[in-house]
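One structure is given below, encoded as structure tokens.
The values are calculated or read from the model by the stated rules, or taken from the named source; none is laboratory data. Quick caveat: nothing in here was measured; it's all calculated off a predicted structure. Don't worry about glycine lacking a Cβ; one is built from the backbone with ideal geometry, like all the others, and counts go over all protein chains shown. Each accessible area value is taken on the protein alone, full model and side chains, heavy atoms only, with ligands, DNA and RNA left out. Shrake-Rupley method; radii C 1.70, N 1.55, O 1.52, S 1.80 Å.
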Amino acid sequence: MSNFSVWLGQQCQEERDLLLKYQPKRFAKRGKFGDYYRWMTSFGFIEAKLELLGVQPLIEDYDLARISDVLLSPEQTQTLKLIQGAIRKSAHVLEVAGF
């Protein structure tokens, strides 16, 4: 279990749901791009978001990396695009699996 998963598990259900739904957008809006990147590359976040909300909301979180005012390095942007692409290509399998 990742540190993220442990930390998230310590939050109350309502807080956990709010964090998973809105925190990536909050990070991007507030200019906390390092935090945004860490969450978006955390398997614990990806897994928890899939379990709570499904594939499409997770894919939409990665779209934030393409917005011009989200300042990530080219390498970070490429990493997020690769993760998003893998999730998109696996979406049908994830949906069948109940995500």
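Observations
- Apportionment of accessible area to carbon and sulfur, the stretch 20-99, percent (1.4 Å): 55 percent
- Only DSSP H runs of four or more residues enter the estimate; each adds -39500 (n - 2.57), and after division by the residues of the chain the mean residue ellipticity at 222 nm equals -24000 deg cm²/dmol.
- When each of the peptides 28-35, 7-14, 88-95 is scored by how many other beta carbons lie within 10 Å of its residues on average, the order from highest to lowest is 28-35, 88-95, 7-14.
- Once the gyration tensor of the Cα atoms in the chain is diagonalised, the equivalent ellipsoid follows with semi-axes of 20, 18, 11 Å, ordered largest first.
- FRET efficiency, THR79 to GLN13 (Cβ-Cβ, R0 22 Å, nearest 0.05): 0.10
- Computed lengthening from ASP35 to LYS21, 0.36 nm per intervening residue step minus Cα-Cα distance: 3.5 nm
- Dipole moment magnitude, nearest 20 debye, the chain about Cα centre, only Lys, Arg, Asp, Glu C-beta charged: 260 debye
- Accessible area per residue, Å², the chain with all protein chains present, probe 1.4 Å: 61 Å²
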